[in-house]
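The values are calculated or read from the model by the stated rules, or taken from the named source; none is laboratory data. Small disclaimer: the values here were computed from a predicted structure and weren't measured. Every residue, glycine as well, gets a Cβ built from its backbone with ideal geometry; the counts of neighbours run over all protein chains shown.
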Amino acid sequence: MNSLAWLRYFEANRRNFIEPDWSAPMPLSGGLRAHLASSLSHFQLGESGGGSHLFAQAARQTEEDAPYVGALELFVAEEGEHARLLQNLVARFGGRLITRHWTHLLFRTARRALGLNFEIQVLLIAELVGTAYYRVLQRRVRDPILDQVCERILADEAQHVAFHLDHLRDIHAGLLPVERAAWSLQFQLLFSAALRVAWLDHRAALRATGSKRAEFFADARGECIRFLDSLTAREAHEILFSGEATR
């Protein structure tokens with residue numbers, strides 16, 4: 001894994017954003033705004049968590065790779081920037097932020113259960129499901145400000161997936177074929193569970209946009225398949241900085 005390249009990427013990406021015009025006219029109906037505000041507030045809560053546990057795990061398990069820990073810190077900072085953007089979207093749609101929710105507690109408990117690599121895996125699954133969610137919103141909702149925020153988040157999430165992929169690919173290289181198959185199976189089971197929880201939590205908003213379960217699931221499963229294909233690809237940096245996940 002080229003941790004230094006990732007550190008430089010995250011440093012450069014902090015300077016690459018134009019702030020949306022939050023005062024732009026609102027084209028959406030009140031009912032749709034309410035659904036979106038409620039749904040986005042849940043994502044905002046998930047993006048706003050700190051990374052102290054993650055940093056401590058990484059520092060213990062990657063003692064000779066300080067750039068990786070630095071890149072992780074900037075990755076979490078980008079998630080915090082997403083939380084800020086989502087906070088402004090929730091306010092734009094007339095909603096309120098939340099401070100706790102059972103899905104957030106479940107996610108936080110799961111990611112801290114089994115060490116750094118499992119925590120990265122849980123974060124990655126959240127990125128893949130979130131990518132499908134923002135893609136549906138961008139495709140279905142006609143609000144230029146929402147579109148701009150989704151575009152930014154999708155671009156960042158594509159690189160977050162590539163970042164975590166780079167880390168996990170190094171680990172995969174040392175596994176036996178049967179171990180790789182077992183890992184892939186458990187990843188898909190966890191992903192399927194997370195996808196169903198996300199649908200349960202956000203189905204009202206997604207349906208309000210005109211989307212259906214099949215569309216959301218197809219997008220999310222496509223993201224999962226592309227990740228697993230890339231994990232087993234021979235080229236170590238096949239999607240690094242390619243932006244393929246945002247197309």
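Overview of results
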| read-out | value |
| --- | --- |
| Lone unmet requirement of (1) in a loop (DSSP other than H, G, I, E, B); (2) modelled with pLDDT of 75 or more for Gly49 | (2) |
| The one condition in (1) within 18 Å of the chain's Cα centre (by Cα); (2) over 19 Å from Glu127 (Cα atoms) that Trp6 fails to fulfil | (2) |
| The listed residue being within 18 Å of Thr232 (Cα to Cα) and part of a helix (DSSP H, G or I), out of Ala158, Ala132 | Ala158 |
| Count of the range 188-234 residues which are in a loop (DSSP other than H, G, I, E, B), of a type in the set (Ser, Thr, Tyr) and more than 16 Å from Ser38 (Cβ to Cβ) | 1 |
| Count of the range 140-150 residues which are touching a residue at least 60 places away in the same chain (Cβ under 8 Å) and either assigned to a helix (DSSP H, G or I) or in contact with a strand residue (DSSP E or B) (Cβ under 9 Å, 6 or more places away or on another chain) (or both) | 6 |
| Residue match in the range 122-130 (condition: of a type in the set (Gly, Ala, Ser), crowded, with 18+ Cβ neighbours inside 10 Å and more than 30 Å from Ser29 (Cα to Cα)) | no |
| Filter pass, Arg180 being among the basic types (Lys, Arg), at pLDDT below 95 and either closer than 20 Å to Ala37 by Cβ or not in a loop (DSSP other than H, G, I, E, B) (or both) | yes |
| Of all residues making up the range 197-237, the number that are touching a Lys or Arg at 6+ places or on another chain (Cβ under 9 Å), among the acidic types (Asp, Glu) and within 30 Å of Trp6 (Cα to Cα) | 2 |
| Odd one out for Asp170, checked against (1) outside any helix (DSSP H, G or I); (2) at pLDDT below 90 | (1) |
| Subset of the range 202-224 that is of a type in the set (Asp, Glu) and within 16 Å of the chain's Cα centre (by Cα) - its residue that is surrounded by the fewest Cβ atoms within 10 Å (Cβ to Cβ) | Asp219 |
| Count of residues meeting criterion [farther than 21 Å from Val122 by Cβ and either in contact with a Phe, Trp or Tyr (Cβ under 6 Å, 6 or more places away or on another chain) or not small (Gly, Ala, Ser) (or both)] in the range 150-178 | 6 |
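Quick grid of which residues meet (1) surrounded by fewer than 16 Cβ atoms within 10 Å (Cβ to Cβ); (2) out of contact with any strand residue (DSSP E or B) (no Cβ under 6 Å at 6 or more places or on another chain); (3) at pLDDT below 75:
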site: Arg8; (1), (2), (3): yes, yes, no
site: Phe17; (1), (2), (3): yes, yes, no
site: Ala24; (1), (2), (3): yes, yes, no
site: Pro27; (1), (2), (3): yes, yes, no
site: Ser38; (1), (2), (3): no, yes, no
site: Phe75; (1), (2), (3): no, yes, no
site: Arg112; (1), (2), (3): yes, yes, yes
